[in-house]
Structure formats: C-alpha cells, structure tokens
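All remarks here apply to the structure that follows.
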Amino acid sequence: MTHFLVTDENPKGYRMEDILKIIRKDIFLRTTKIMEDERPEAQTVMDNNVRILGLMSEAIAIAENSTAILEKSFGPSRSGEPRIGT
C-alpha cells in the first residue's frame, strides 16, 4: 500500500502531480525565507532549492503527461481496478 499516492487500497490518496505540486510549493515558500541571508551556506541551500524546483517542475510535467495518456486510453480513474498493471 502506498502512503500518499492513489491506489485501489488508498483511493483517497493524491495523484502524483498533485503531491509534487504541494511539495514544490513548500520548497518555494521555504526558499523565499532564506533569500536575504547572505551567508554562503544559506546561498548554497537556496541554489540547491532552485535547482530542485526546476526538477520538480519537470517531474510534474511528466506526471501530468502520464495522467493524460491514461485518461485518453482508459478513461478517468475510478475506485477499484487499476487502469494498468496488476
């Protein structure tokens, strides 16, 4: 059973792109709090977070593409049987 993602055992879970968007927002909000900190450590963390935000955006786009493919091929997700895989 997954902890966060929708499955037949966890129908109230998140779609992958939705949870990634929540995490991206949290990272963005945390990053804005250290923008004015000129210490090298803070700047390195901020740079890392900006890079992570870009990767998160790529991951969100990929997840949205997968959802679109599944919806086009198999229709909207419903409780019960998974659309692909077993």
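The values are calculated or read from the model by the stated rules, or taken from the named source; none is laboratory data. The model shown is predicted, which means the values in this text are computed figures rather than measured ones. So basically every Cβ, Gly included, is an ideal-geometry build from the backbone, and we count neighbours across all protein chains shown.
Of the listed requirements (1) over 21 Å from LEU70 (Cα atoms); (2) outside any helix (DSSP H, G or I), ASP8 misses just one: (1).
Within the range 53-65, the set of residues being farther than 12 Å from LYS25 by Cβ and loosely packed, with under 15 Cβ neighbours inside 10 Å comprises GLY54, LEU55, GLU58, ALA61, ILE62, ASN65.
Residue pairs whose Cβ atoms lie under 8 Å apart, sitting 6 or more positions apart in sequence or on different chains, and linking a residue in the range 64-78 that is more than 13 Å from ARG15 (Cβ to Cβ) and in a helix (DSSP H, G or I) to a partner that is of a type in the set (A, V, I, L, M, F, W, C) and modelled with pLDDT under 95, are PHE74/ILE84.
Within the range 1-40, the set of residues being of a type in the set (Asp, Glu) and under 16 Å from ARG51 (Cα atoms) comprises ASP26 only. The criterion of being surrounded by 13 or more Cβ atoms within 10 Å (Cβ to Cβ) and over 21 Å from ALA68 (Cα atoms) holds for VAL45. Across the range 28-42, the qualifying residues are those that are surrounded by 12 or more Cβ atoms within 10 Å (Cβ to Cβ) and not basic (Lys, Arg), and the one among them that is farthest from the chain's Cα centre (by Cα) is ASP37. Criterion applied to THR86, THR44 was being modelled with pLDDT of 90 or more and among the polar types (S, T, N, Q), and the one residue passing it is THR44.
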